[in-house]
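The next block holds one structure in the form of structure tokens; read it before the comments.
The values are calculated or read from the model by the stated rules, or taken from the named source; none is laboratory data. Predicted model, so just to flag it, every value in this text is computed and none were measured. Glycine also receives a Cβ, built like all others from the backbone with ideal geometry; neighbour counts cover every protein chain displayed.
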Amino acid sequence: MATPVGAYGDLPFRKGVSRGPGLVRDAGVEARVVFAVPGDLATPTGGYRYDRRIIQELRRAGWQVDVLDIGDGFPYPSSAQRATALERLSGVPGGYPVVIDGLAFGALPEAGALRSRTPLIALVHLPLALEPGLASAQAEAFRRSERAALAAAARVVVTSEASARIVAADYGVQSRRITVVRPGNDPVPRALGSNDGLVRLLSVGTVAPGKGYDVLIAAVATLADMPWRLTIAGDRTRNPGVAARLDADIAAHGLADRVAVLGAVPPERILDLYLASDVFVLASRFESYGMVLTEAIAHGLPVVSTMAGAIPDTVPAGTGLLVPPDDVAALAHALRRLISDRAERQRLAANACAAAAQLPTWHDSARLLAGAIETVGKPLFSRETAAGRRM
């Protein structure tokens, strides 16, 4: 795992061990890129995990990736935090490609002034204006800010075809400047499921308005006659108000003995949860991709989710049931169908296992990102030249 740093250039060059066309460099040259992230790269969200794994795979393939922590506060930075971010970005040597995580770039259009000295690549996980729960004025402010920022990007990388359509139609980014780099996947064991007569439901994701946990609790509350247990795993600290409402909803419906809310858990614990589950459920109001959905599919779990955002593109046909977002009755009906029908669960699980074989690897994803970087600059330097340009 990469460690975030406070200044550019603190991380060592690592030789690659992987091989693949368009990704691994020749022994006599060095491919170098700066990856600018807001705050702690270890933050337990899908977006930060995507960044970590892409960085890891690029390094394995022989790229030097310098991780630049441009500071906290995004996407709502103070004036001081903006100044810090711009100062750190300005310290990158001219000509080095810089990938800037969209959580910061969309709220920092001033960074566009750097485009005359270095290629800027925007990595958009989710357009800021599409975060569920925003007031209309804030959403519009984000839309203007991100539109201006993306206009300055030499390349815009998005994580799904749905997001590509959005940034082209709503943000004025020409299709030729957009690259889709879907999250990768690791080989994982198939879920074993439960054997005690209870259907184990699992939901993974940060406790935030967009994940629809209020809808999920309202839906399972109507299934009191069914044999199920629900586990929710996700960071509870990023939105304390939503976490408090989740707890209150569980208590109000008398579900404390049926719903376990674990908070953020380490990767090995997440693996155990997948393996012990029978159905994966995600009641999101919007997803620009939904990495946990493909993780569930990779484990051979049937999925119950919504039709929001990129989810219909992410969940292959025949691997799950999708319902309209914010529709408690439809979500409850889909869950009841799978809880009550073991054969249906097994059919969807078999389809999920078949679909898992077609999922991209993280090496595949890194190769696509490497290609996007190489379209906007010349990140290759001889070892001798690179040594002379180090700070």
Within the range 164-198, the residues that are small (Gly, Ala, Ser) and either assigned to a loop (DSSP other than H, G, I, E, B) or touching a helix residue (DSSP H, G or I) at 6+ places or on another chain (Cβ under 9 Å) (or both) are 164, 168, 172, 175, 184, 191, 193, 194, 197
Please verify whether the range 309-317 includes one or more residues that are assigned by TED's automatic domain parsing to the domain that holds residue 272 and touching a Pro at 6+ places or on another chain (Cβ under 8 Å). no
So which of 217, 178, 232 is assigned by TED's automatic domain parsing to the domain that holds residue 48 and among the β-branched types (Val, Ile, Thr)? 178
Sort out which residues of the range 251-266 are assigned to a loop (DSSP other than H, G, I, E, B) and either loosely packed, with under 14 Cβ neighbours inside 10 Å or on the phi > 0 side of the Ramachandran plot (or both), and write them in order of number. 254, 256, 257, 266
Looking only at the range 181-223, and only at residues there that are crowded, with 17+ Cβ neighbours inside 10 Å and β-branched (Val, Ile, Thr), the one that is nearest to residue 365 (Cα to Cα): 181
Please work out which one of (1) touching a Lys or Arg at 6+ places or on another chain (Cβ under 8 Å); (2) part of a helix (DSSP H, G or I) is the condition residue 149 fails and give its number. (1)
Candidate set: the range 167-179, residues that are in contact (Cβ under 8 Å) with a residue 40 or more places away in the chain and under 19 Å from the mean Cα position of the chain (by Cα); chosen: the one surrounded by the most Cβ atoms within 10 Å (Cβ to Cβ): 167
If I ask for residues that are free of Cβ contacts under 8 Å to residues at least 24 places away in the same chain and surrounded by 15 or more Cβ atoms within 10 Å (Cβ to Cβ), which ones from the range 130-150 would you list? 134, 138, 139, 141
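Out of 313, 364, 327, which single residue is more than 20 Å from residue 191 (Cα to Cα), charged (D, E, K, R) and touching a Phe, Trp or Tyr at 6+ places or on another chain (Cβ under 9 Å)? Write out each step before concluding.
Numbers: 364 fails: touching a Phe, Trp or Tyr at 6+ places or on another chain (Cβ under 9 Å); 327 fails: touching a Phe, Trp or Tyr at 6+ places or on another chain (Cβ under 9 Å).
Exactly one residue qualifies, and that residue is 313.
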Can you name every one of the helices (runs of 4 or more DSSP H) wholly within the range 308-382 that holds 1 or more residues which are over 26 Å from residue 154 (Cα atoms) and touching a residue at least 60 places away in the same chain (Cβ under 8 Å)? 311-314, 328-340, 342-356
Filtering the range 199-250 for residues that are out of contact with any strand residue (DSSP E or B) (no Cβ under 9 Å at 6 or more places or on another chain), outside any helix (DSSP H, G or I) and of a type in the set (D, E, K, R) leaves a count of 2
Just wondering, is there one or more residues in the range 182-198 that are among the hydroxyl-bearing types (Ser, Thr, Tyr) and modelled with pLDDT under 95? yes
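If you check residue 328 against the conditions, is it of a type in the set (Val, Ile, Thr) and surrounded by fewer than 24 Cβ atoms within 10 Å (Cβ to Cβ)?
So residue 328 passes the test.
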